[in-house]
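Enquirer: Mind looking over this structure? Questions follow.
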Amino acid sequence: MTKKLYDLDSHLSVFNAQVLSCTSVGEGRWAVLLDQTAFFPEGGGQLADQGTLDGARVLDVQEMPEGILHTTDAPLEERAVVIGTLDWDLRFRRMQCHSGEHVVSGLAHRLYGCTNVGFHMGETEVILDFDRELTQAQIDTIEEHANRIIWSNRPVTAAYPAPEVLQELDYRSKLELTENVRIVTIPDCDVCACCAPHVNFTGEIGMVKLLANMRHRGGVRIWMVAGEQAWKDYCTKQENTAAISAALSVKQHETAQGVARMKAELEATYLALKEAKAALAAEKCKSLPETTGNLVLFEDDLDSQSMRTLVNAGVERCGGICAVFAGKDGQYRHVMGSKTVDLRALSKEIHQALGGKGGGQPTMIQGSVTANRKQIEEYFA
């Protein structure tokens, strides 16, 4: 079996190990078994560590019955002693996130009786699923308490309690465990079964931020960032806030009010424009010519309601189809109406001829076409 150096020292990033076996497992990939390793294998919601073994890239790490297998992109000589080097920045970010998750889940359990039923740690955020719904006020309380625990720099310890001790221990676990159970403890916060490496003190987490939440399967799903992830998330949002602030000519802490004001102004402008278009359509209705055939009209920019208004007026002045097209060649929207033609029955023929799509009722259809103005006029002529 492989000795788990990451279990003994979560901050060990460079180590020596002997190659017990090296087997080809496909083109450009080898399975390497070491006598000991600091590479954490995928498990407990955390992806495998990355790094190198004597320069060979470690692509994956999995715990198997025969030991911990490292998948590399180059072979290693059996019985040779190699140097393993972890991608420490990646490992530390993951430890920050995983330890931060323990703080948050532990508090959710202690404060509100929640059980963590789902945990996914991505490269940019952590997703937590709890079996009970939480209000926004409760989630805010968890976040505040979690950061105060982090700032108090409490020790984070891992141990394998004896079976008789484990039996009496009150700890969180998704599985029923009886032996070789690794317990991670954060004083007055969390006691949880976990196989992953963690920070030594909560202060290393830096901070946690609960970004968003939603109801999920009778409970709640929470998106979280911690440590370096939280810092990067803040930097991105700060850049966006600064850009919005400059665009709206408001102070950064007033961007929400600035956006609300702009939204109100845009809504007022939209309503005014809609009324103007309706008035314009009404004026156009008065000037429509009368014809016993089809009436085809082209407009640069009319909304759907104004187009229907124009069509309703047009069908009173023509003996065939009144068709209104808005837009430009190749990108026309249309509304068509008629008192004498079953447009729903004719819709397929019209759209095949004009390269379009749409549908509706016998008296009115709408859709779009890719034909140009000349082609449309020739068809309805």
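Enquirer: Between residue 270 and residue 248, how high is the FRET efficiency from 1/(1 + (r/R0)^6) when r is the Cβ-Cβ distance and R₀ = 22 Å? Nearest 0.05.
Expert: On the way: r = 19 Å, r/R0 = 0.85.
Efficiency computed from Cβ-Cβ geometry: 0.75.
Enquirer: Principal axis lengths of the range 45-130 from Cα atoms, whole Å, largest first?
Expert: 54, 29, 17
Enquirer: Pairs 277/339; 232/263; 3/232; 286/374; 3/174; 339/374: which exceed 27 Å Cα-Cα?
Expert: Details: 277/339 25 Å; 232/263 29 Å; 3/232 35 Å; 286/374 25 Å; 3/174 25 Å; 339/374 25 Å.
232/263; 3/232, as the Cα separations exceed 27 Å there.
Enquirer: Now a separate question. For residue 114, list long-range residues whose amide hydrogen, built 1.01 Å from N in the peptide plane, is under 5 Å from its own amide hydrogen.
Expert: Distant-sequence amide H within range of residue 114: 109.
Enquirer: How many angstrom lie between the Cα centre of the range 55-113 and the Cα centre of the range 119-193?
Expert: Spelled out, the Cα-based centre of one part sits 19 Å from the other.
Enquirer: OK, next. Residue separation times 0.36 nm, minus the C-alpha to C-alpha distance between residue 27 and residue 361: what's the value? Show your work: numbers first, answer last.
Expert: On the way: separation 334, 0.36 × 334 = 120.24 nm, distance 6.10 nm.
The residue 27-residue 361 span can extend by a further 114.1 nm.
Enquirer: List the pair-distance distribution P(r) of the range 284-359, using every Cα-Cα distance, as the percent of pairs falling in each 5 Å bin from 0 up to the bin containing the longest distance, rounded to whole percents.
Expert: Per 5 Å bin, starting at zero, the Cα-Cα P(r) for the range 284-359 comes out as 3, 17, 27, 26, 19, 7, 0 percent.
Enquirer: Quick one: pull the percent of accessible area on the range 194-286 belonging to carbon and sulfur, 1.4 Å probe, ligands and nucleic acids left out. All intermediate terms of the calculation are to be shown ahead of the outcome.
Expert: Values: 3530 of 5870 Å².
Carbon and sulfur: 60 percent of the exposed surface of the range 194-286.
Enquirer: Also, I was wondering about something else. For the chain, with every protein chain kept in place, what is the accessible area per residue (1.4 Å probe, Å²)? Write down the numbers at each step before the final one.
Expert: Values: 20400 Å² over 381 residues.
Here the per-residue accessible area is 54 Å².
Enquirer: With viscosity set to 1.567 mPa s at 4 °C, what whole-number translational diffusion coefficient in µm²/s follows for the range 43-84 from Stokes-Einstein and a Kirkwood radius over Cα pairs? Don't jump to the answer; show the numbers that get you there.
Expert: Details: Rh = 11.2 Å.
Answer from the Stokes-Einstein relation: 116 µm²/s.
Enquirer: What distance in nm lies between label points placed 7 Å from Cα along the C-beta direction at residue 214 and residue 1?
Expert: My value for the distance between the label points is 4.2 nm.
Enquirer: On a 0 to 90 degree scale, rounded to 10, what angle separates helix 255-286 from the longest Cα axis of the chain?
Expert: The answer is roughly 20 degrees.
Enquirer: Oh, and also: Please compute the length gained on full extension between residue 123 and residue 378, using 0.36 nm multiplied by the number of residues separating them and subtracting their Cα-Cα distance.
Expert: Details: separation 255, 0.36 × 255 = 91.80 nm, distance 5.85 nm.
Stretched out fully, the residue 123 to residue 378 stretch lengthens by 85.9 nm.
Enquirer: Here's something else I'd like to know. What shape does the range 128-258 have by the C-alpha gyration tensor, where a ≥ b ≥ c are the square roots of the eigenvalues, rounded means a/c under 1.5, and otherwise prolate means a/b greater than b/c and oblate the rest? Show your work: numbers first, answer last.
Expert: Working: a/c = 3.20, a/b = 2.09, b/c = 1.53.
Prolate shape, in that a/c is at least 1.5 and a/b is the bigger ratio.
Enquirer: Residue 129: net charge of surrounding residues, Cβ under 9 Å, Lys/Arg +1, Asp/Glu -1, itself excluded? Before the final figure, lay out the partial values.
Expert: Numbers: positive: 217, 221; negative: 131.
Residues near residue 129 contribute +1 overall.
Enquirer: At a 1.4 Å probe, what is the % contribution of carbon and sulfur to the accessible area of the range 290-366? Don't skip to the end; give the middle numbers.
Expert: Working: 1680 of 3820 Å².
Ligands and nucleic acids excluded, carbon and sulfur reach 44 percent.
Enquirer: OK, next. Can you run the Rg to Rh ratio on the range 12-157? Use alpha carbon positions and the Kirkwood inverse-distance Rh. If you can, show how the numbers build up before the last one.
Expert: Details: Rg = 19.0 Å, Rh = 17.3 Å.
My calculation puts Rg/Rh at 1.10.
Enquirer: Among DSSP beta bridges whose residues both lie in the chain, state the antiparallel percentage, nearest 5. Display every interim value, and only then the final one.
Expert: On the way: 71 of 80 bridges.
Around 90 percent of the beta bridges assigned by DSSP in the chain are antiparallel ones.
Enquirer: Using the Kirkwood formula on the Cα atoms of the range 200-337, what hydrodynamic radius do you get, in angstrom to one decimal? Before the final figure, lay out each step's value.
Expert: Values: mean 1/r = 0.0493 Å⁻¹.
Final number for the Kirkwood radius of the range 200-337 is 20.3 Å.
Enquirer: Accessible area of residue 21, 1.4 Å probe, to the nearest 10 Å²?
Expert: 30 Å²
Enquirer: Sort all Cα-Cα distances of the chain into consecutive 20 angstrom bins from zero, then give the percent of pairs in each bin up to the one containing the longest distance.
Expert: 21, 30, 23, 22, 4
Enquirer: Related question: Test of understanding: in a Gaussian network model of the chain with alpha carbons linked when under 10 Å, which of 210, 354, 20 would top the mean-square fluctuation ranking?
Expert: 354
Enquirer: Residue separation times 0.36 nm, minus the C-alpha to C-alpha distance between residue 286 and residue 164: what's the value?
Expert: Working: separation 122, 0.36 × 122 = 43.92 nm, distance 9.29 nm.
Length gained between residue 286 and residue 164: 34.6 nm.
Enquirer: 222 nm [θ] for the chain, helices only, -39500 (n - 2.57) per DSSP H run of 4+, per residue, to 500?
Expert: On the way: 9 runs with 136 residues, N = 381.
Mean residue ellipticity at 222 nm (helix-derived): -11500 deg cm²/dmol.
Enquirer: By how many degrees, between 0 and 90 and to the nearest 10, does the Cα long axis of helix 136-151 differ from the longest principal axis of the chain?
Expert: The angle comes out near 40 degrees.
The values are calculated or read from the model by the stated rules, or taken from the named source; none is laboratory data. The model shown is predicted, which means the values in this text are computed figures rather than measured ones. Quick reminder, even Gly has a Cβ in these numbers, built from the backbone with ideal geometry, and neighbours come from all protein chains shown. Heavy atoms of the whole protein, side chains included, go into the accessibility calculation; ligands, DNA and RNA do not. Shrake-Rupley method; radii C 1.70, N 1.55, O 1.52, S 1.80 Å.
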